[in-house]
Amino acid sequence: MTDGARHPRIALYPGSFDLLSNGHLDLIRRASDIFDKLVVAVGVNPHKETLFSVEERLEILREATADLENVEVATIEGLTVDFAAKVGANVIIRGLRAVSDFEYELQLAITNRQINQKVETVFMAAGPGVIFLSSSMIKDVWDLGGDVSKFVPESVLPHLDRKRGQRRSGSPLTAT
Ligand code: ADP
């Protein structure tokens, strides 16, 4: 046991968040209860086609987490583990839904730990009501004109409507 002030516990929750889902938000809420500060960070992958640009994803995350005082939203610059160290986080949060997530997530966690041993990955189980939600599935439903309001935070819906409008007016659907 140590006396005096302890360091604040800061965690980083990285992801694409290309269509923030109720599953992501459930994890954000639960993790923000555990840690003093949670940095939710959007990873930039220039090779991955996305529906929303990084700026749009940041705005969506900021809106959806506005009521959570200890949550900050950021863009990941460089390697995730390096970014974790930069924001003072020694924990990376990742969500586990099914066995299908496990192999990839384990590989990622072990690789990250080999790069920086001071940063631990902590897995959180998906909530029962959102365990089958994935951004790609929700985007597929939306793409085909389906109602996705049960799957995403309410604040995401106007952004989807705007995308639909852009698509109707002939603008490219994916972010550049
Ligand atoms: P990435 O491209 O980095 O996997 P995602 O935005 O798809 O980014 O996911 C970020 C994290 O959130 C991952 O750890 C993923 O397993 C987790 N996640 C995604 N959907 C859910 C969900 N419905 N419930 C809990 N965790 C989830």
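Would you be able to say whether some residue in segment 36-44 is closer than 30 Å to residue 142 by Cβ, in a loop (DSSP other than H, G, I, E, B) and more than 10 Å from the ligand (Cβ to nearest atom)? Quick ask: steps written out before the conclusion?
Going residue by residue through segment 36-44, those that are closer than 30 Å to residue 142 by Cβ are 38-44.
Applying the additional criterion that residues be in a loop (DSSP other than H, G, I, E, B) yields 43-44.
When the remaining residues are screened for being more than 10 Å from the ligand (Cβ to nearest atom), the result is 44.
Scanning segment 36-44, I find at least one residue that is closer than 30 Å to residue 142 by Cβ, in a loop (DSSP other than H, G, I, E, B) and more than 10 Å from the ligand (Cβ to nearest atom), so the answer is yes.
If I filter segment 107-116 for residues that are free of Cβ contacts under 8 Å to residues at least 40 places away in the same chain, within 13 Å of the ligand (Cβ to nearest atom), part of a helix (DSSP H, G or I) and surrounded by 18 or more Cβ atoms within 10 Å (Cβ to Cβ), do I get at least one hit?
yes
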Subject >> Answer from 94, 62 - the residue that is at pLDDT 95 or above, in a helix (DSSP H, G or I) and among the basic types (Lys, Arg) >> reply: 62
Original post:
For the subset of segment 117-146 comprising residues that are of a type in the set (A, V, I, L, M) and over 16 Å from the mean Cα position of the chain (by Cα), which member is farthest from the ligand (Cβ to nearest atom)?
Top reply: 144
Original post:
Can you find even one residue in segment 47-55 that is away from the ligand (no atom under 13 Å from the Cβ), assigned to a loop (DSSP other than H, G, I, E, B) and within 23 Å of residue 135 (Cα to Cα)?
Top reply: yes
Original post:
If the Cβ limit is 6 Å and pairs must be 6+ apart or interchain, which residue in segment 117-139 that is more than 13 Å from residue 98 (Cα to Cα) and at pLDDT 95 or above pairs with which residue that is more than 7 Å from the ligand (Cβ to nearest atom) and assigned to a helix (DSSP H, G or I)?
Top reply: 119/81; 119/84; 121/109
Original post:
Any chance segment 160-167 includes a residue that's farther than 18 Å from residue 28 by Cα and touching a Leu at 6+ places or on another chain (Cβ under 6 Å)?
Top reply: yes
Subject >> Residue within segment 147-158 that is of a type outside the set (Val, Ile, Thr), more than 13 Å from the ligand (Cβ to nearest atom) and not in a helix (DSSP H, G or I) present >> reply: yes
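The values are calculated or read from the model by the stated rules, or taken from the named source; none is laboratory data. Quantities reported herein were computed from a predicted structural model and do not represent experimental measurements. All Cβ positions, glycine included, derive from the backbone under ideal geometry; neighbour counts span all protein chains shown.
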